[in-house]
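The values are calculated or read from the model by the stated rules, or taken from the named source; none is laboratory data. Predicted, not measured: the structure shown is a model, and the values here were computed from it. Cβ coordinates were reconstructed from backbone atoms using ideal geometry, including for glycine residues, and neighbour counts include every protein chain displayed. To get the accessible areas, we keep the full protein, side chains included, count just its heavy atoms, and leave off ligands, DNA and RNA. Shrake-Rupley method; radii C 1.70, N 1.55, O 1.52, S 1.80 Å.
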Amino acid sequence: MSLCLQARQLSCERDDRSLFKGLDLDIRSGEIVRIEGPNGSGKTSLLKILSGQLRDYEGELFWNGAAMQSVREHFLANLLYLGHAPGIKSGLSPLENLAWYQALSGESSGGQGSGAQEGEQQRLDALEQVGLAGFEDVPAGQLSAGQQRRVALARLTLTPRALWVLDEPFTAIDRHGVAALERQLIRHAQAGGCVLVTTHHELAASSLLRRIALG
Amino acid sequence: MWAFIHKLGSPKWFYGISAKLQPWFWAAAVLLLVTGSLWGLAFAPADYQQGNSFRIIYVHVPAAFLAQSIFISMAVSGLVFMVWKIKVADMAAAVMAPLGAAMTFVALFSGAVWGVPTWGTWWMWDARLTSMLILLFLYLGVIALRGAFTSRDSASRAASVLAMVGVINIPIIKYSVDWWYTLHQPASFTLTSRPTMPTEMWLPLVIMVLGFYSFFIALTLMRTRSEILRRESSKRWVQELVNGQVVNAQAEETR
Amino acid sequence: MDAPSVPLLEHQGGLMIAVKATLVRDLTLLLRRRGEVLNPLVFFALVITLFPIAISPDPELLATIAPGLLWVAALLAALLSLDSLFRSDYDDGSLEQLLLAPQPLAALSVAKVAVHWLLAGLPLALMAPLLGIMLALPAGSYAVLALSLALGTASLSLIGAIGAALTVGLARGGVLLSLLVLPLYIPVLIFGAGAVQAAILGDGVSAHLAILGALLAASLMLAPWAIAASLRISING
């Protein structure tokens, strides 16, 4: 089963300023699509529209051939969106933060039993992968900006979603982390997933990478 | 059906049709308001109990009617805007809010003035006046919320939601305030509940109410038209319209 | 193409799991910042202290105005903590994520409102009888006071959350929030304070409490949709 997100004649106007007009997009399995454009060209707005957050657009969105309105839940169940803000509560530890995200994707994380232990193990593994082993129980507020961003990135391995929409995911991450994340994006595309990304970071050329210019 | 709704929603179409409708409503407003006030203030008989001071009813009641109606039309416009994304509806809602607040204030003020001869004081926590006061706060909330956003699109949506929430609450508020008032003070003498009002007294009142409504419609049309020009100033048809008028004016001058 | 190793998932529902996790998360967060939970209670006590000082220490006079004072002060105290209901979620981006959850946003926001009531409304209701003693509130009305506040503050939290959701995107939404929400609070105040008054007079209070319950039921049905719509507006401001 391959996924496919299509936009037809997408136009977005915010406060009478036209961001883009008549945009046609086809995003399919096995692709990394990089949205490019100068500041203020509507990259974030486009990602918000494509991830179903922003609804004041004109045109049509299709998810696997069906109109977005009718398959919203299915779409959201397969979407992982990371915005400018990491979405990490500073009062909670990385483990607790991830537990909430796990629950939102429909997996039971609290309580006792083997399911809960499995969930906890998955969280620990995900944190280890982003290099946060040993920080599992530190309140996220005491972590650096880059570490908080890594907690958010741990969701990529924690909750398997086919479509990743990442708005500037490389912000505040060190060189080592950038390389690892880049490898992860490619692996995801190779595995049949799909990545939609904006970034100022130069992505290494790859046959999977496609660029779309705005503005 | 859809084509019709969208045609209705097109600012350009609305601008055209409102230009045709507007003069009729202005004429009706002037005619009704002049007739109503002359009749009500000069010819209607004085009240046997309140004397001439009852004549303030001809301002107070229409203003109070309008104050509530405008809130409802504002909420309906907001609903139309949210459901069908019709921008004209939001422009109308935006110009209605200050007008509604003004009407509420007029109703409150005339009520207070009326209170002096009837109650001997400027303010009584009368059920009707209290509801009006709360309505004024609701209006002020909608206006303040619209003004607080930097993005006009968000402001429009937020104001629409608040207007809808408000309109659901208005009957609840009105009912609870009435209940509260009767509990604390058995209604001995309320302003406008007169079971038997002679025809010569209520007919001018009806005319005044209709006049206020015509005035409201005419003013809303006019202000919505200028709001359309303001918001659509970057659109081609507006620029053509403005340029066309400039060209006409120049032609007039050279003639 | 090879069979992808990232399968498309059917939406599994999991509404109860998500609601429970949201409840646990918000409760944990608030209980770690006890100050924020205690502040409204201290505010409540402080405001109640101001009245005898400003008006008169005469117990008879205080007793007549006590129901209204207690209700108004509790209402303001509950309002005080509303502004922070969605604000930290908005600031750190988790509100965006809440909007993108496959579960209905209205249900998840009710979970957040429930936490607000549990840690603001309910403690206020439990504390009110204590302050009632200080205002010489006549005996026989204490249980009604707590009960009416517990019922009423639930409605207040729901209605107030609409205002909080509408103003969360604004940098200084605090005062505006009170302006939007207070007029909508009036019916709850009328029947809440009315219940206590009726208890003092020895009248039946079941009618008042029933109306408070009806207001709560209506808010429970309608407010979540308004909250969800408002959050969607604010997140894109």
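Taking B:A155 as the residue in question, decide whether it is facing another protein chain (nearest Cβ under 9 Å) and either open to solvent by less than 10 Å² (accessible area, probe 1.4 Å) or under 17 Å from C:I162 (Cα atoms) (or both). Yes. Against the conditions (1) in contact (Cβ under 8 Å) with a residue 12 or more places away in the chain; (2) surrounded by fewer than 24 Cβ atoms within 10 Å (Cβ to Cβ); (3) over 15 Å from the mean Cα position of the chain (by Cα); (4) away from every other protein chain (no Cβ under 14 Å), B:M82 satisfies every one except (4).
Is at least one residue of region A:162-184 part of a helix (DSSP H, G or I) and within 11 Å of chain C (Cβ to nearest Cβ)? No, the conditions are met nowhere in region A:162-184. A Cβ distance below 6 Å, combined with a sequence gap of six or more or placement on separate chains, defines the contacts here; from region C:168-185, residues that are facing chain B (nearest Cβ under 8 Å) reach residues that are assigned to a loop (DSSP other than H, G, I, E, B) in the pairs C:G169/C:G237. A:R155 meets each of the listed conditions (1) part of a helix (DSSP H, G or I); (2) open to solvent by 30 Å² or more (accessible area, probe 1.4 Å); (3) within 24 Å of A:S45 (Cα to Cα) apart from (2). Contact annotation: residue pairs with Cβ atoms under 9 Å, 6 or more positions apart or on different chains, pairing a residue in region C:137-151 that is within 13 Å of C:H208 (Cβ to Cβ) with a partner that is at pLDDT below 95 and part of a loop (DSSP other than H, G, I, E, B), are C:S141/C:V205; C:V144/C:V205; C:L145/C:L137; C:L147/C:V205; C:S148/C:V205. Among the residues of region A:55-80, those that are more than 18 Å from A:V33 (Cβ to Cβ), at the interface with another protein chain (Cβ under 7 Å from one of its Cβ atoms) and open to solvent by less than 40 Å² (accessible area, probe 1.4 Å) comprise A:D56, A:H74, A:L76, A:A77. For region A:5-27, the set of residues classified as of a type in the set (G, A, S) and open to solvent by less than 20 Å² (accessible area, probe 1.4 Å) consists of A:A7 only. Does A:R8 satisfy the criteria of being closer than 26 Å to B:K87 by Cα and without any contact (Cβ under 8 Å) to a residue 40 or more places away in the chain? So A:R8 fails the test.
Looking only at region C:188-204, decide whether some residue is among the charged types (D, E, K, R), in a helix (DSSP H, G or I) and surrounded by fewer than 23 Cβ atoms within 10 Å (Cβ to Cβ). Scanning region C:188-204 turns up no residue that is among the charged types (D, E, K, R), in a helix (DSSP H, G or I) and surrounded by fewer than 23 Cβ atoms within 10 Å (Cβ to Cβ).
Quick test for you: out of C:L70, C:L79, pick the one residue that is on the phi < 0 side of the Ramachandran plot and modelled with pLDDT of 95 or more.
Values: C:L79 fails: modelled with pLDDT of 95 or more.
None of the other options fit; the residue is C:L70.
Of the residues that make up region B:113-126, is at least one buried (at least 20 other Cβ atoms within 10 Å of the Cβ), polar (S, T, N, Q) and out of contact with any Asp or Glu (no Cβ under 9 Å at 6 or more places or on another chain)? No - not one qualifying residue is present in region B:113-126.
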